[in-house]
Each structure stands twice: as structure tokens, then as C-alpha cells.
């Protein structure tokens, strides 16, 4: 099923305008609806520059179609510099000084958690776009926080499905030494053991984020003689790991399963040295031909003269989901908005997705496929779209994982 | 197993070479100019970026294109070193040592944004070196030939440096200046030229280190800071100013990394800092370093005598306090939030000033005590179920106890070595918070540390913070003018004389260290309740640097300096962060300009201005002090 985003928005805002009646709209103020968007723009520019561009594209389209609730939407961007305490300061400033209607953003998990806790304390909607930590919606989940991207758990589950099909018995694991890496490894081990009880894990490496000693790490993994490798490193760590691994033959005759490696942000810098045959989650931007994606990609290319990265999709979808939430709520009242977000179906560049009422996690999925090199560039082949809804634990389990209900 | 040990040794040696190139440059620069160049990591990063651009332009497949690009990149970075030295550092050689550190930190911020603007946010994976693309079989493992080449580069550069320093006139001058700079100047050597050339040479080594990483590492915007912290460790472990020591230390650290990940894969974060702490405790001047000639005191002008504020200043302070007390009546909520944060930072800065100004102990790791205060509060709330009031009382003691323990080791050192040991302890505290996930929640931190109901409102919490911080700052001020404070300053200005009149200098410094830690803990605990959460970033290096910047901007010489510095710095960075995405450039530029224009800090500058205005004769007391040194 496909929904044309523009017509949906036009219809929704028209509907909202009808129901809300002009008097009510005026009562809420005829000025723009303000979104306070906090992110690590300077600390993580590789992801967040495309993110901001995707966001601006969506914003432009929404406002061209009349905005939401008959009002334009305006964004106030703030840079947290990668520090949770600065993110909280911005959040306070955005609510009190800028009078924003809701908050969004967050790249690092701890920043996302800090804003989420602040949002709960101040009873303000927070749409966490990127932070992958499971705690955002489960252990530390709260009424006011919703998360767009497939979580660490979901990405691991998607990969375990493929990993379980491999004949490999002995696995070595490498992950950056922080929450994302640790929980990626934890879920992978747990889920793979469940799917294939006879696997063993022979080596674990946790290089410090951004500081991998690639040669030594590769050698340590090699020494454990695994059948297969599970990788969670990304960015510069990944590039260094791949280069040393290629030269030292770590990947020869071994299956490699790798989180996020198919995302253009991390695959493109590798150029012709991109690994071949790794099973990855990612975003094959050039090959997805669904109508909603083609439309998104064409508009993005026309506006920025560049191809979209995964960050672009996340920014684009976050903004669209906010607009859809506003339209459904018919108000900027945060309690109504939160109720509207529960079970909200919204259009995304990957097709329709939904913020689950049970844990506020969106069902946006990811693409699972294999890496290959084409024309001197890394690409994804044999990919399929893994719908996020299928890679979450049962409702009963979610209820135990999420004390907030 | 033997194969693995041998291969890991080679891996360690290969990493050591690049570390050594950068560290030797830093060490040489420090030896001559006494500047701890924070921007050295940035020069390394620029070397890598420039090499990437040049090698791509010249053609990476040709040996001439590749090596030509690498060498040219190193030379260009050397040229940039000249620019930095002439434009910035030359103007501030007379400023106190830490001021120069501050200026180079400003340069770091500017170069970060320049690199982002020039090369874009994406990582650049460079080409492999022609002729060294493949591997050889060593000990049954494939080992990259380029890594072998790197292993050779380290000792080769060491040899070249040795020849340069032993056999050329320039090298002799550099060695002479490292030992006694004033004497070299007195003998008629052109110091300007010597300093510029040394800085350019050190920069070039950093650039070469970066350029040689091209086939090995993806060039990225985080290279600068991750390199500089590692290089500081190498230089300090090796002994500042000693090139051979730098090589030994680089090998030690490289090998430690390679084996550390085999034995303790999870504590690589802290391993190097543990080693640095051990080395500094056992050998206070590093493996090959020598105690500086003529005492560890810097070359800056003598500290003016710290006098209690006169009536006018006291009146100004009182008015400022009154304004702060009345602020909630008129200020909107968001201004109150900002003010609360500034007031907390003012206490944090004042606590650092207490050990830095009167105590003469500059700390690079003061955030540790701020963070421990914050964690103390959060842990009390989370694990003991305490409410805000007991948590606020408990938290500073955690920081104070850490101050007592760490301080015991730190006061045995002085100058940069003391600063580096505080840094090492701060990193160990940080790594503990980061790594001990069961207790501290790891990098996800501890959430839900909100104040008691009566202090939840913005005004309520503001008054709570203001009250506690003002009292604590006044207490610190009182201590500075108490017998303890006078003894502390005596120990700073002339340890020998102080000892001679029966003061136990080390013990006094130890007490001051603990007091400063305790006060920082109070600020940290307030900060935790203000933000509602705590994270390891509270005690990371940037927070320590923030504290230093606040104190130095305000001026070390006065008691009011750090408070004003905190308001100026935190206010400035907040406004810049809001105004532009390139806030780091703006902040860096402001810091550099402030350092050049006000080399004694904001308050110091205004005092000088006032002195000039009133044209009072030099106070007799000050002359006596200057004469007595």
C-alpha cells in the first residue's frame, strides 16, 4: 500500500481545519507551530548534515502544502555538541524562551535519554529521531517519548535471522565500547543462542569509540580462529578495521555480519575497499524503486544536488511523523498530541510506519542485504526491506521490558 | 601463542611510530618554548587531511605522487606552524604558562571548524602507499608491509633528530634553550627566530605523523582530540623535552595497547592513564625527564600580591550579588535557568582557582571532583533512596575523599607534571563511571535526579543554588585570607623559605587540594539536580578544560576573577552555540583574542587599567615581594 504523502497531508490538514474551526486555531495563536530540534550537529556531522537536509526538505514540502493545523511549522535547530547536559540546557531554553510546542532530535543514546527524562519531567512531547538505545523506549521509556529509528534490538534481530542460516558455529564479536556496542553484542548473542543453541562465542573485542587499534584488534580476532564475525563498529573505526582486516586476510573464508555497515554514511568512505559479501543492515538508496522513495529521492536530489544518506531519511521521516501527529491531534496541546502519537500511522520514505501504542517505538524498518563493490563503490545487493514491526519482542515481553507502560 | 605475542609486538611498534612523530614534535616545542601545545593534535589532523588532498591531486598510484604529497603536506603544516607562532604565540610568551595553553586550545577549536568547512563531514579513507600495499607472512600471520615501514620510521626519525641536535648549530641552540632559555637569550641568540623555527619544526613532525597515517587510518574530524590526549600521555611518561624518552614512552604505550586488548579488552580506555599515573608517582619527571633547572616555577612575571578587595570592589560585589538576588523578580524563566547554570559554574571555577591561584597547582582534571559530586548525588538518590537534601550533603564528601586520595599523590609533583597527574586521575574516574555499568549506568548515565518538591520551581532552585554557591565562594575567599591561605601562598611563591620557617608545604597543599575538590563536589551535586541526570561527560576532559578557561579568562590573580570568568565564558559559549553552527570557530577566535588582548585575564586587565587611571605609585608591598623572589 502506498500513500502519497502530499495528498495525505493536504487532506489531513484540510480535515483538521474543518474540525478545529478557525476560532480554535486563532485561540492557539496564528503564528507558526515551533519544533525545537536538538542534535549533535558539530560532533557527528557525517550523519547530521544529511539529516538536517532531509528535515528541511520535509519541512518545505509540508509548509508548501499549507503546514499543519493551518499553521506553518518552524524549526529551531540547536547543537548539543555531543553533551547530554548541553542538550538539557537547550531543551529548557527552547521550552521557556522560544516557546516551542514540542522537542525532537538526539543522535547519541545518552543525549536521547537525557532529553527524554527532561520531556517527562516537563510533560512535553519528544520525538527521538536517531538514538538507538533500547532504554529510550523500554527500560527508561516514558509517556512523552517516541522513537523513530529501528533500535539496537531490532537491528540485531534482523541480522540474527540471517546469521542463524549460516553454518558458522564459532563467532567472534567486535563492537565499540559504549552502550550501543555493548547492547548490540548482548542482543546478538542472546537471540542467536536462542535461534541456534550450538553456537559459541570465542572472542570479544571492545575498542574505544573512535580510537580502534585496528591492526591489534584484527590480530586478536584472528587468533581465536572464528567461523564468523559479528561487527558493530562504524565510521572511522570501521574503515580502519576493514582495511587492516583486508590486508591481513581476516575476512577470507569467514562470514561477517555487521550492523549499519550498509548505510551510505559508513559504506561510501570505504570506496573500492568496501567489504564484499558482508551481511548488513543499511540503505541501498540508488536501488529502492518504491514510488514514495523515488519521490523522496528525486526531490532530495533536486534540492541539494546530492543523493540521500540514511540520515536524510531519518530527518525527513521525523518531520513528517510530527506533522502527521499534529494533524491527527488537531491541536498542539501536548497531552492530546501524545495520545495522537500512540498508534499514529505516518508516511515515511520507506512506506507507511506506525508509532506503536504499546512502547512508542516506530515500526520503521531497515534494509538487510549483502555488500558488494560496483564501479569502485560499495553497494548493497540481494537486499530486502525488513519491516520493523516483525523484529520486536512479543507484547508480553515488551510489557516486562517497559515499566512505564 | 608465541606467534600472537610476536605479531602483537609488531602491531604495537607500528602504532608507536605515529605516536612518536607527534609526541617528539610536542616535546621539542615544550622544551624550548615551555608551551604545552594543545593544538598539536590538530596539526596532526591537518597533516592527514592535506596529505589526502595532495595525494589525490598528484595521483596516488605513482610513488612520486604519493610520497611527494606526504612530504608536501608535512611542510605545509610546518608553514602553518609558523603562522600560528607569529600571529598568536609570539605575542604571549610573557604571559603565564597556562595562558599559552588556553590560546592553543582556542586554535584547536578554530582548526576543527576550518577542517569541517574545508573537507566536509565525511571520513576520507586515503589510498594505500604504492609499493607497500600488500603483506608479508610473518610468524604464520599476514602482516602489512606498510606497518613494517612504519616500524622503521620511528627509530629512523629518532636517529635524524639525534644527529640534528648533536651535530648542527641549530640543534645545539635548541638543546641549550631547552636547558636555560634566558641564558641563550643573554648570549645573543636571536630568540624569535629560534622559537619560530622550533615551532615550525615540531609542527612539521606532527604533520608528517598525520600524513603517514593516510594509508592506515580513515582521516576524520575526531583525530585531533583523540591523538592529543594520547600524545600528552606519551610526552609526560617519556619526560617533557626528551625525544628519546618520547620514543620509549610511545613504544610502551603502543605495546600496552596491543596486549591490553588481549588481556583486558574492556579497559583500554583507562589503561594508558593508569600507566601514566604509576610512572608519575614513581618517577615524577617521566622516564627520561630531568627536574627543571632553577625550580619548577615558570618564567612569567611574578604573581602580584593578593590583597583583600578595597571598599569600591566590595561595593561592586555587593551590588552584583543584590542584582542576582533580585533577578527572579524581573527575569523570565529561561534567563533564570541560564543564571542558575552560571552560578554553579562560578563555584566550580572558584574551587579550581583556590588550588590554582593561591595554591599554584594547576589541575587538568578538576572535572573529576565536579563529576564525583554529581555522581555522589545521583548514586545517593538511586541506590540509597535519598531525597535531595541528604544527597546534597553526602555528595561533596565523595568528591572530597577522592581529593584526599588523589591529592596525596599529586602534591608530590609540580607544574605540568602535577597537571598531567590530575588529568590521569580524572580519566581514571571518568573511565570508572563509564565502565561500571551496574553501578553508574555507563554512558547512559543516571536519570531522574530531580530536586525535592520545594525546589522544583525554577525560582526555588535558583535561590537554592545561589545561596549555596555564594556561601561556598565566600568560604573559599575567607580561607584564602586565613592563615592557611597565607601559608599556601608562601609555599607557592617560595617553597624553600616556607619550609624554612616551619611550614609543611606539601601538607598544606594537600589540604588545599581536598578543599578544592570538596567545593567542586558541591557544584557538581547542584548541577546534577539542576539537570536531572548525570553522565560520564561531567568528568570528561572538555569539562576540565572549561573550568581552566573560566579561571584563566577571569584572571588567576584575583579572587573575583574566576567568578567573572565563569560568567563570561559560559555566557559566551552559550550565546555562540545558539547563534551559529560554526560556534567553535567563534569561541576559539574569542579565546585567542582575549588571551592576546588581556594576558592577565579580564579582571587582571581591569585592575591594571584602574591602576593606570589612578596613577598611584606602585604599592610598597608589591615591590617588596618582587624584590624578594
In degrees, nearest 10, the alpha-carbon axis of helix B:601-614 is tilted away from the dominant principal axis of the alpha carbons of chain B by 60 degrees
Ignore the peptide's own chain and count Cβ atoms of other chains within 10 Å of each Cβ in A:133-140; give me the average, rounded.
2
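When Cβ neighbours within 10 Å are restricted to other protein chains, what is their mean count per residue of peptide B:568-578?
The per-residue average across the peptide is 2.
Going by how many other Cβ atoms sit within 10 Å of their own, how do A:258, B:56 line up, fewest first? Kindly include the intermediate steps, with their values, before the conclusion.
Numbers: A:258 25, B:56 14.
Ordered from fewest to most neighbouring Cβ atoms within 10 Å, A:258, B:56 come out as B:56, A:258.
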Size of the range B:2-282 along its principal axes in angstrom, Cα-based, largest extent first?
60, 48, 36
Across 10 Å bins from 0, what is the distribution of all Cα-Cα pair distances for the range B:23-134, in whole percents?
13, 39, 29, 15, 3, 0
Pair residue B:156, residue B:507: separation of 7 Å Cα→Cβ label points (nm)
5.7 nm
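Need one value for A:75-88: mean number of C-beta atoms belonging to other chains within 10 Å of its residues' C-beta atoms. Write out the running numbers ahead of the final one.
Values: counts 0, 1, 2, 2, 7, 1, 6, 3, 6, 11, 14, 5, 1, 6.
So the per-residue partner count for this stretch is 5.
May I ask for the percentage of alpha-carbon pairs in the protein assembly as shown that lie more than 43 Å from each other?
Numbers: 198973 of 534061 pairs.
Tail of the P(r) past 43 Å holds 37 percent of the pairs.
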At 7 Å along the Cα-to-beta-carbon direction for both residue A:186 and residue A:357, put a label point, then send me their distance in nm to one decimal.
3.0 nm
For a bin width of 10 Å, list the pair-distance distribution of the range B:355-479 built from all Cα-Cα distances, rounded to whole %.
12, 36, 33, 17, 1
Please compute one quarter of the surface area of the Cα convex hull for the range A:188-247 and express it in square nanometres.
4.3 nm²
Paired Rg and Dmax values of chain A, which use every Cα atom, in angstrom:
21.2, 72
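What number do you get for the range B:479-571 when its Cα radius of gyration is normalised by 2.2 N^0.38 Å, N = residues? If you can, show how the numbers build up before the last one.
Working: Rg = 15.9 Å, N = 93, 2.2 N^0.38 = 12.3 Å.
That ratio works out to 1.30.
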Roughly how tilted is helix B:2-33, in degrees to the nearest 10 and between 0 and 90, from the longest Cα axis of chain B?
60 degrees
With Cα coordinates, the longest principal axis of chain B makes an angle with the long axis of helix B:583-597, in degrees rounded to 10, of 70 degrees
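Quick check: from the Cα gyration tensor, does the range B:506-556 come out rounded (a/c under 1.5), prolate or oblate?
Working: a/c = 2.14, a/b = 1.38, b/c = 1.56.
Since a/c reaches 1.5 but b/c is at least a/b, the shape of the range B:506-556 is classed as oblate.
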Nearest-0.05 FRET efficiency for residue B:613 and residue B:481 at R0 = 30 Å, using Cβ-Cβ distance, is 0.70
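I'd like to compare B:197-207, A:362-372, B:492-502, B:85-95: which one has the highest average count of other Cβ atoms within 10 Å, and what's the full order after that? List each step's numbers first, then the result.
Numbers: B:197-207: 26.5, A:362-372: 22.7, B:492-502: 14.1, B:85-95: 17.7.
The densest-packed peptide leads the list: B:197-207, A:362-372, B:85-95, B:492-502.
Subtracting the Cα-Cα distance from 0.36 nm times the residue separation, let me have the gained length for residue B:192 to residue B:605 in nm, one decimal. Could the numbers behind the result be given before it?
Values: separation 413, 0.36 × 413 = 148.68 nm, distance 2.59 nm.
This chain segment gains 146.1 nm when fully extended.
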Fewest-first sequence of B:137, B:255, B:228 by Cβ atoms within 10 Å of each Cβ:
B:137, B:255, B:228
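What Kirkwood hydrodynamic radius do you get for the range A:232-323 when you take the inverse of the mean 1/r over all pairs of distinct Cα atoms, in Å?
14.7 Å
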Measuring from label point to label point, each 7 Å out along Cα→Cβ, what is the residue B:91 to residue A:374 span in nm?
5.5 nm
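Please quote Rg/Rh for the range B:330-576 to two decimal places, taking the Kirkwood radius as Rh and restricting both calculations to Cα atoms.
Value, to two decimals: 0.97.
What does the extension gain come out to for residue B:397 and residue B:229, with contour length at 0.36 nm per residue minus their alpha carbon separation? Before the final figure, lay out each step's value.
Working: separation 168, 0.36 × 168 = 60.48 nm, distance 2.90 nm.
Full extension of this stretch gives 57.6 nm more.
Can you give the helix-only mean residue ellipticity at 222 nm for chain A, where every DSSP H stretch with n ≥ 4 adds -39500 (n - 2.57) and the sum goes over all residues, rounded to the nearest 500 deg cm²/dmol? Please list the in-between numbers first.
Values: 13 runs with 176 residues, N = 405.
Rounded to the nearest 500, the figure is -14000 deg cm²/dmol.
Would you mind giving the average projected area, over all directions, of the Cα convex hull of the range A:248-405 in nm² with one decimal? Write down the numbers at each step before the final one.
Details: hull surface 47.7 nm².
Quarter of the Cα hull surface area: 11.9 nm².
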In units of 2.2 N^0.38 Å, what is the alpha-carbon radius of gyration of the range A:100-254?
1.18
Report, in deg cm²/dmol and to the nearest 500, the calculated mean residue ellipticity at 222 nm for chain B, where each DSSP H run with n ≥ 4 adds -39500 (n - 2.57) and the sum is divided by the residue count.
-24500 deg cm²/dmol
Take peptides B:184-196, A:37-49 and line them up by average Cβ neighbours within 10 Å, highest first, as a rough protection proxy.
A:37-49, B:184-196
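If you take the beta carbon distance between residue B:438 and residue B:597 as r and set R0 to 51 Å, what does 1/(1 + (r/R0)^6) give as a FRET efficiency, to the nearest 0.05?
On the way: r = 50 Å, r/R0 = 0.98.
Calculated transfer efficiency: 0.55.
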Determine one quarter of the surface area of the Cα convex hull of chain B, which equals its mean projected area, and express it in nm² to one decimal.
29.8 nm²
At a Förster radius of 30 Å, what calculated FRET efficiency corresponds to the Cβ-Cβ distance of residue A:98 and residue B:384, to the nearest 0.05?
0.20
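Each reported figure results from applying straightforward, stated rules to the coordinates on display, with no laboratory input. As the structure is a computational prediction, the values presented were derived from the model and not from experiment. So basically every Cβ, Gly included, is an ideal-geometry build from the backbone, and we count neighbours across all protein chains shown.
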